[in-house]
1. Can you tell me which of A198, A251, A184 is open to solvent by less than 20 Å² (accessible area, probe 1.4 Å) and either at pLDDT 95 or above or more than 22 Å from I92 (Cβ to Cβ) (or both)?
2. Within the range 434-468, can you find the residues that are free of Cβ contacts under 8 Å to residues at least 40 places away in the same chain, under 32 Å from the mean Cα position of the chain (by Cα) and open to solvent by 20 Å² or more (accessible area, probe 1.4 Å)?
3. Checking the conditions here, which among E288, E323, E361 is in contact with a Leu (Cβ under 9 Å, 6 or more places away or on another chain), acidic (D, E) and touching a residue at least 12 places away in the same chain (Cβ under 8 Å)?
4. Could you check the range 533-560 and list, in sequence order, the residues that are within 16 Å of V397 (Cβ to Cβ) and open to solvent by less than 50 Å² (accessible area, probe 1.4 Å)?
5. From the list V485, V495, which one is in contact with an Asp or Glu (Cβ under 6 Å, 6 or more places away or on another chain) and surrounded by 16 or more Cβ atoms within 10 Å (Cβ to Cβ)?
6. Kindly evaluate V344 against the criterion of being under 19 Å from I116 (Cα atoms) and assigned by the TED database to the domain that holds T257.
7. Tell me which residues, restricted to the range 269-324, are farther than 24 Å from F168 by Cα and assigned to a loop (DSSP other than H, G, I, E, B).
8. Inside the range 287-304, can you point out the residues that are among the hydrophobic types (A, V, I, L, M, F, W, C), farther than 26 Å from P248 by Cβ and open to solvent by less than 10 Å² (accessible area, probe 1.4 Å)?
Amino acid sequence: RATLLLSRCLLKMVKGTTIVPEEILSFCCNGLQGSTSPPRAREPGEREEAPGAMASPSPARNPTEVQMSQLVLPCHTNHRGELSTGQLLKWIDTAACLSAERHAGCPCVTASMDDIYFEHTISVGQVVNIKAKVNRAFNSSMEVGIQVSYEDLCSGKHCSICKAYATFVAQGPLGSKARLKPLAPQTEEEKIEYSIAAERRRMRLVHKDTLKDLLTRSPQETELETRDGSRAVPAEKTRVESVELVLPPHANHQGNTFGGQIMAWMENVATIAASRLCHAHPTLRAIEMFHFRGPSQVGDRLVLKAIVNNAFKNSMEVGVSAEAYGQEMSVSRRHINSAFMTFVVLDQEGHPRTLPMVAPEPGDGERRYREASARKKIRLDRKYVISCKQTEVPLSVPWDQSNKVYLSYNNVSALKMLVAKANWALAREKEKVRMYTLEEDKFLSFRIEMSVCITASRAFSLLSNLRRRHEWDSHYVSAELVQKVDDDDMIYHVVSQKLRHENKPQDFVILASRRKPCSKGDPYVVAFRSVTLPTHPARAEFTRGETLCSGFCIWPESEEMSKVAYYNQAMPGYLNYVTTNVAGLSSDICSTFEACEKFLLKNKEDLISRLQDF
């Protein structure tokens, strides 16, 4: 840390910039935030410093936030002088674990890690900055968000490396799961991450089912790719097996092997397997979502196996497994973890090279070959739908079985992000109905809010059924249920009234995703977004409309009262209608939601709740 501080000061001196003492103090204070050392005890008669006496006031930091800065030394790098991905994974896991334990107040273990995409490499002499903080705590598990960037001390350049989400489990006495206290988000960013964490958790739970479903619907025959001028390399030639003895430096303060250390060993054997295929030095680009199935302890032997499952034109997937056993060879091995890593080989200009083909072994090899192709499609779906910024995702994303989980995630998370925005301004108020607006760079969003004498669950049931919306919304002509994806997701074909200056009605293909509260304080959510279906192309008698983000959030205020809020990011074709209402030249939106209130009150006593019709 002293080296980093000295380097930054020298750089400012070279540039002729004044070194402000407060900057040095701020660096020292922020740099020590990741430390878990107890505060120094005051000597007898020593006075406590008043808050802010030595530094200017700063916004309160998340108490779970941990910052780590590491200078990349030659011992951390590979043959190219770049930071080893295995070393980076160890630092990421350590920072995330410290953050989790700050919240839990007890030991925590790594349960899983979501997909990680590495955007850049880091060179020797640069600084890795890692920030980790708990996004949300559930019963005994919590999601930790990690941001990794690098800093070039000579140029002052900062660049993002990756963003990761890890799940940790709190451990109580004798290895039992400890119950966690709830987390209270403070800032707008924290509220967004808190809200979407529930959706990410839901997606993790169905990850394996998504892969199985895709493989079930795919052809069972293994079709080998043909590539001009390339001979297939038998997958068996890429196989690697290595053993590691778990020593005290590899373990955490509980005696369990660091999850980051296991990931580093797995990355090492995966790199060797990838090198045997391409006869070059590969670069790790992504790690698939994975779960730790059990712990290993000091004294265990870890057997690490790797093999290239499939090689595409410019990338390859390597499968890695870790098994543990003790001194007794007679005891069966314990499966610790499996992971899938994507590698590329870069030329001198930094472009991916074409890779040799892989010839899989009969049986399990062919199964792994097919599964690798399925995982590649799922990775593309996830990256296309989830990882992009909301404004970069096309409005009507094609829907199919393989990306249904990620479209549903995108649908609900987009609405939750809109709900968590902090700069809503009251634009109009008419009796019980309040209208708010939010002006951003590319969008004008509005929110309609009212309190209704109805239970939140009943309102949720009524408003999530689009086939009944025409009963209170005069803009809706009809809504046909096209496909019931599952109990929480439906696809509708909606026909609406003609817009002003239009000579034909609009139609929409809408994915409706509904969510019940994950924990106390969460709202009921009904989210809408446009999708495309091959069975419902645009037709000449309609103007095809699209919605990017809209839906309802319903909060219980008491046993019989609920706050119902509708959100919408106005699209260009809808903008004139919205601004007319915001400016007070029309009361159409307020009148529509007064009709919504009457609809809810009229149907609140219906005990059947028409869930069977939904």
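The values are calculated or read from the model by the stated rules, or taken from the named source; none is laboratory data. Just so we're clear, the structure is a prediction, and the values are computed from it rather than from any experiment. Every residue, glycine as well, gets a Cβ built from its backbone with ideal geometry; the counts of neighbours run over all protein chains shown. Surface areas here come from the heavy atoms of the whole protein model, side chains and all, with no ligands, DNA or RNA. Shrake-Rupley method; radii C 1.70, N 1.55, O 1.52, S 1.80 Å.
1. On the way: A251 fails: either at pLDDT 95 or above or more than 22 Å from I92 (Cβ to Cβ) (or both); A184 fails: open to solvent by less than 20 Å² (accessible area, probe 1.4 Å).
Going through A198, A251, A184 in turn, just one is open to solvent by less than 20 Å² (accessible area, probe 1.4 Å) and either at pLDDT 95 or above or more than 22 Å from I92 (Cβ to Cβ) (or both): A198.
2. Y436, E439, E440, D441
3. Details: E288 fails: in contact with a Leu (Cβ under 9 Å, 6 or more places away or on another chain); E361 fails: in contact with a Leu (Cβ under 9 Å, 6 or more places away or on another chain).
Answer to the check: E323.
4. Scanning the range 533-560 gives L533, H536, G545, T547, L548, C549, S550.
5. Answer to the selection: V495.
6. In short, yes.
7. H279, A280, H281, P282, F312, K313, N314, S315
8. Of the range 287-304, the ones among the hydrophobic types (A, V, I, L, M, F, W, C) are 287, 289-290, 292, 298, 302-304.
Narrowing further to those that are farther than 26 Å from P248 by Cβ: 287, 289.
I287 - this is the single residue of the range 287-304 that is among the hydrophobic types (A, V, I, L, M, F, W, C), farther than 26 Å from P248 by Cβ and open to solvent by less than 10 Å² (accessible area, probe 1.4 Å).
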